[in-house]
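Peer 1: Handing you a structure now.
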Amino acid sequence: MDKKIILPGEYVGPGEVYEEGSKAYSKGDDIYSAVTGELDEENATVHSRTEKPALKQGDVVYGSIIMVMESFAIVEIFPLKKGNVCPTAPEEGKIPVRAMSKGFTPSVRDAVRVGDIIRAKVVRIEGEKAELTLAEPELGVIKAFCSQCRLPLEKTPKGLTCANGHREKREIANDYRDYGRLDF
């Protein structure tokens with residue numbers, strides 16, 4: 001029997017035939033692919049040469065803020081290693097407002113904005129999402145852009161400022177914009 005190519009989110013089959021695992025997940029009574037790979041209908045398995053990044057508690061990760069709400073932010077996590085990572089299934093993380101800094105943060109928007117590049121630590125894994133924290137000196141925003149004009153923000157004695165003079169607040173890492181080349 002021929003093997004069928006499947007993409008992430010594509011229907012694999014009923015839960016009575018296929019099992020949930022690292023390459024497939026269940027939604028109701030059905031199983032869907034979590035990776036790009038081959039469906040082996042004869043053996044009721046999904047094969048893949050690529051895997052989603054396997055995050056674990058304590059991992060330090062880099063990512064981009066893709067959504068900001070009042071009490072949390074969603075981060076698209078960059079792959080931990082080059083090579084065998086599925087580019088069509090990026091890992092996502094969530095940063096609750098309580099994990100934005102060691103002190104009190106009234107709103108997530110006081111710490112991060114959409115498009116910011118961050119360094120965070122994995123606190124725990126909850127299903128498909130990783131809960132992250134920025135509450136350590138080496139963690140936080142490492143590159144940010146002005147929310148008004150999209151120019152890069154530079155660290156000045158008065159805070160983060162763009163070339164047009166706009167000032168913004170962020171929860172920055174102690175090495176903001178001094179991190180060198182990021183090798184993913």
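The values are calculated or read from the model by the stated rules, or taken from the named source; none is laboratory data. Since we're looking at a predicted model, the values are computed, not measured. Neighbour counts run over all protein chains shown; Cβ positions are idealised from the backbone, glycine included.
Peer 1: If I ask for residues that are charged (D, E, K, R) and at pLDDT 85 or above, which ones from the stretch 88-122 would you list?
Peer 2: LYS94, ARG98, ARG109, ARG113, ASP116, ARG119, LYS121
Peer 1: A follow-up question, please. How many residues are surrounded by 14 or more Cβ atoms within 10 Å (Cβ to Cβ) and in a loop (DSSP other than H, G, I, E, B) when one looks only at the stretch 156-167?
Peer 2: Residues flagged as surrounded by 14 or more Cβ atoms within 10 Å (Cβ to Cβ) and in a loop (DSSP other than H, G, I, E, B) within the stretch 156-167 amount to 2.
Peer 1: Among ARG98, ARG170, ARG109, which is among the charged types (D, E, K, R) and either assigned to a loop (DSSP other than H, G, I, E, B) or within 17 Å of the chain's Cα centre (by Cα) (or both)?
Peer 2: Testing whether each residue is among the charged types (D, E, K, R) and either assigned to a loop (DSSP other than H, G, I, E, B) or within 17 Å of the chain's Cα centre (by Cα) (or both) leaves just ARG170.
Peer 1: Right, another one. (1) in contact with a Ser or Thr (Cβ under 6 Å, 6 or more places away or on another chain); (2) modelled with pLDDT of 80 or more: which one isn't true of THR36, the others all being true?
Peer 2: Single failed check for THR36: (2).
Peer 1: Among the candidates VAL68, VAL85, which residue alone is at pLDDT 80 or above and surrounded by 15 or more Cβ atoms within 10 Å (Cβ to Cβ)?
Peer 2: Only one candidate passes the filter, namely VAL68.
Peer 1: Also, I was wondering about something else. Taking the residues in the stretch 9-31 that are of a type outside the set (A, V, I, L, M, F, W, C) and surrounded by 19 or more Cβ atoms within 10 Å (Cβ to Cβ) as candidates, determine which candidate is farthest from GLU91 (Cα to Cα).
Peer 2: The selected residue is TYR18.
Peer 1: Next question, about the same structure. Could you say whether any residue in the stretch 136-152 is touching a residue at least 40 places away in the same chain (Cβ under 8 Å) and crowded, with 19+ Cβ neighbours inside 10 Å?
Peer 2: Within the stretch 136-152, one or more residues are touching a residue at least 40 places away in the same chain (Cβ under 8 Å) and crowded, with 19+ Cβ neighbours inside 10 Å.
Peer 1: Tell me, which strands (runs of 3 or more DSSP E) wholly within the stretch 1-42 include 1 or more residues that are acidic (Asp, Glu)?
Peer 2: 30-33, 37-40
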